[in-house]
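Asks: Got a structure here, written out as structure tokens. Questions coming.
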Amino acid sequence: MKTENLRTVKNQLSNLIEELPQAGPVLVTKSGKARALLIPITDDVDLETVLLSNSPRFWRLWDRSRRAALTQFFTRPRSSASSGNACRRW
């Protein structure tokens, strides 16, 4: 993964975006601290999954729903691998 400071990203954004598919993700820093991540988006990337996996609001809703399901005696899936969905919280 490449790391670039914000000033460089601002000045070379077009070049960085063109290089993303080959170079991979770019970590953007400001004052030495990570602030953003540029990732390549291809035709096989599910944008909804990318956005939801990084949404604190979505995960709060997920956790609340999961707790409600568990308190109402719903059964938990045996494993996330067997259901075909990789689920970070199980």
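Asks: If you stretched the chain out fully between residue 58 and residue 17, how much longer would it get, using 0.36 nm times the residue separation minus the C-alpha to C-alpha distance? Walk me through the numbers before you get to the answer.
Replies: Numbers: separation 41, 0.36 × 41 = 14.76 nm, distance 2.77 nm.
Separation in residues times 0.36 nm, less the Cα-Cα distance, equals 12.0 nm.
Asks: In nm, to one decimal, how far is the modelled label at residue 51 from the one at residue 1, with both set 7 Å along Cα→Cβ?
Replies: 2.2 nm
Asks: If the cut-off is 19 Å between C-alpha atoms, which aspartates and glutamates fall inside it for residue 33, apart from same-chain ones fewer than 8 positions away?
Replies: Once the sequence-local aspartates and glutamates are set aside, what remains near residue 33 is 4.
Throughout, read-outs are computed from the coordinates displayed, never taken from laboratory work. Computed from a prediction, not measured in an experiment: that's the story for all the values here. Quick reminder, even Gly has a Cβ in these numbers, built from the backbone with ideal geometry, and neighbours come from all protein chains shown.
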